[in-house]
Every structure is written in structure tokens, then in C-alpha cells.
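Have a look at the structure below before the remarks.
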Amino acid sequence: MAVTIKSPREIEIMRASGRILKVVLAELEKIIRPGIKTNEIDALAAKIIASYGCIPSFLNYNGFPASICVSVNEEVVHGIPSSRILLEGDIVSLDVGVNYKGYHTDAARTFGVGQVSKEAMQLMNVTKQAFFVGLEKAWAGNHLYDISNAVDAFVAQFGYGIVRDLVGHGIGLELHEDPQLPHFRQKRRGLRLRQGMTICIEPMINMGYAEVEWLDDEWTVISEDRSWSAHYENTILITDGQPELLTL
Ligand code: MG
């Protein structure tokens with residue numbers, strides 16, 4: 001599929017989609033605490049998204065059985081909400097997509113549950129910072145893999161593993177559009193970024209090694225060494241100046 005350039009009309013719809021997603025994430029963050037079940041977080045997300053007349057982008061996506069992805073500790077992404085209870089010291093990644101008038105936005109955050117370890121706090125902070133390091137390269141005229149290389153160079157200082165099997169992506173009428181955006185070093189510079197592209201930068205960072213595997217549910221991605229993992233994602237718009245954050 002070709003990389004799409006969004007029209008001003010499409011961009012307006014995606015801005016509205018992103019505004020709703022921001023509300024969802026803000027409301028979900030408020031209920032993260034020890035004792036809550038991951039499917040309670042999913043239920044609240046479903047309720048808020050429906051209240052705006054929107055559809056959760058992940059629901060039924062390739063058969064995904066819930067409204068959002070909830071991934072705990074060594075789970076990297078695509079965790080299926082369940083009766084699992086969050087415990088003090090856990091970290092939980094929420095990945096949320098909103099389909100408004102046919103246009104998607106996508107964002108993820110990792111939150112600490114109650115008091116978390118210093119190591120877990122650093123992992124979450126570095127993952128968030130990695131997004132912003134990549135964002136600095138997301139200017140028209142730069143190349144896609146300038147983002148990849150900047151994220152890699154930043155994260156390398158911490159000795160963490162950058163997940164390679166899952167990547168960022170274009171977004172719009174489809175949840176996942178071209179181009180694919182790796183968050184690790186590339187030998188080429190990739191395509192030239194142009195005004196009107198909408199992409200998701202979403203580093204997934206493991207405290208240990210980069211390798212991941214899939215659970216038998218065929219969805220949940222975990223780190224192979226079972227080290228904890230964090231995820232931070234926003235949908236952004238390439239402009240004629242600094243990139244616009246649609247979900248932050
Ligand atoms: Mg995404």
C-alpha cells in the first residue's frame with residue numbers, strides 16, 4: 001500500500017479522533033491502582049469511546065477480542081484484558097485506538113501501579129523520552145529512518161533492548177498503513193517525510209534483551225527473557241514546521 005498524504009479535511013477528522021483518545025487515556029490513568037482487573041480498564045475504555053459515538057480501533061481488528069490492549073510487566077504489547085488483578089509495583093501498558101468517522105488515531109502509555117521500583121520507573125521514563133527523541137526528527141524533508149536511528153542511539157545508552165519484531169506505522173483510514181517505522185538502527189535513510197503524513201512513533205523497550213515471543217493466545221507479545229517492557233506511542237502529523245501531536 002502506498003503512503004497516504006492526508007487532506008486538510010482528513011486532518012481535521014484525525015484531530016477530533018485524537019482529542020477523544022486523549023480523554024480516554026486521561027480517564028483510564030485515573031483508575032489504575034492495585035486491585036483493579038485489566039478487563040475493568042477495558043470496559044471503561046469501551047464506555048468512553050462509545051459515548052463519543054466512536055469505535056475502538058482494536059475491537060475485532062484481525063479478531064482481537066477487546067476494545068484496548070492491556071499488557072502487564074513482561075508483556076510487551078497486545079495483551080488481552082482479563083480478570084487479572086493489577087498488583088502494587090506492576091507496570092501496565094495501555095494501547096488505545098479510536099475510530100472517528102472512519103479515521104483512526106492510536107496511542108499507548110505505560111503506567112506504574114501504586115509504588116513501582118526505581119528500575120521500572122527508569123524504563124518507563126526512557127521509553128517516553130525515546131518517543132520525543134524520535135519526534136525531533138519527524139520534520140518534512142527528513143527521512144523516516146532518521147527517527148529510527150535517533151531512537152536507537154538514545155536507548156542504547158541505557159543497555160535496554162529495543163523491540164524489533166513490532167514497529168510504528170502510518171495511520172488514517174486504516175489503523176496500520178505504510179510506512180513501517182522500525183525503532184532500531186537502519187542502514188538506509190528510508191522515505192522522505194512529507195507534509196500531511198500521519199504516523200505512529202511507538203518505541204517498545206525491554207529492560208533486558210530485545211527478543212520477544214507470542215503466548216498461545218496468538219496475541220500477547222512477551223519478552224523472551226521475561227524482563228519488563230514499556231511502550232509509549234502517539235499519532236503525529238508531519239507539517240511544514242514542527243510535527244503536530246494528535247494524541248497528546
Ligand atoms: Mg500503533
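Every number in this text was worked out from the coordinates using simple rules, so none of it is lab data. These figures come from a predicted structure and were not determined experimentally. Reconstructed Cβ throughout: ideal geometry from the backbone, glycine too, with neighbour counts over all protein chains shown.
Excluding Trp228 itself, what net charge comes from residues whose Cβ is under 12 Å from its Cβ, given Lys and Arg +1 and Asp and Glu -1? Mind dumping the intermediate values first?
Details: positive: Arg226; negative: Glu74, Glu75, Asp90, Glu119, Asp225.
Overall, the nearby charge balance is -4.
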Next on the checklist: Using a Cα-Cα cut-off of under 26 Å, which lysines could be cross-linked to Lys137, ignoring same-chain neighbours fewer than 8 residues away?
Outcome noted: Lys6, Lys22, Lys128, Lys187
Checklist entry - GNM, the chain, Cα, under 10 Å: largest mean-square fluctuation among Tyr100, Tyr209, Tyr145? => result Tyr209
Item to check | the chain - percent relative contact order, Cα under 8 Å, separation 6 or more | outcome: 23 percent
Next on the checklist: Please report the equivalent ellipsoid semi-axes of the chain, computed as sqrt(5 x eigenvalue) of the Cα gyration tensor, largest first, in whole Å.
Outcome noted: 26, 23, 15
Checklist outcome for this item: Cα-based Rg and Dmax for region 55-109, in Å, come out at 12.0, 39
Item to check | Label-point gap, in nm, between Asn60 and Asp165 - each point 7 angstrom along Cα→Cβ | outcome: 2.8 nm
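Kirkwood Rh over Cα pairs of region 5-121 into Stokes-Einstein at 25 °C, 0.890 mPa s: D in µm²/s? Can you show the working numbers first?
Details: Rh = 14.6 Å.
Approximately 168 µm²/s, per Stokes-Einstein.
Using only the alpha carbon atoms of region 175-218, find the Kirkwood hydrodynamic radius as the inverse mean reciprocal pair distance, in angstroms to one decimal. Let's see the in-between values first.
Numbers: mean 1/r = 0.0734 Å⁻¹.
Computed over Cα pairs of region 175-218, the Kirkwood hydrodynamic radius comes out at 13.6 Å.
Would you kindly give the portion of the calculated P(r) for region 70-212 that falls above 22 Å, as a percent of all Cα pairs?
Values: 4157 of 10153 pairs.
It works out to 41 percent of all Cα pairs.
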Checklist outcome for this item: When the chain is treated as a Gaussian network with springs between alpha carbons less than 10 Å apart, the largest mean-square fluctuation among Ala230, Ala45, Ala140 is found at Ala140
Checklist entry - Which net charge results when you count Lys and Arg as +1 and Asp and Glu as -1 among the other residues whose beta-carbon is under 13 Å from that of Asp95? => result -4
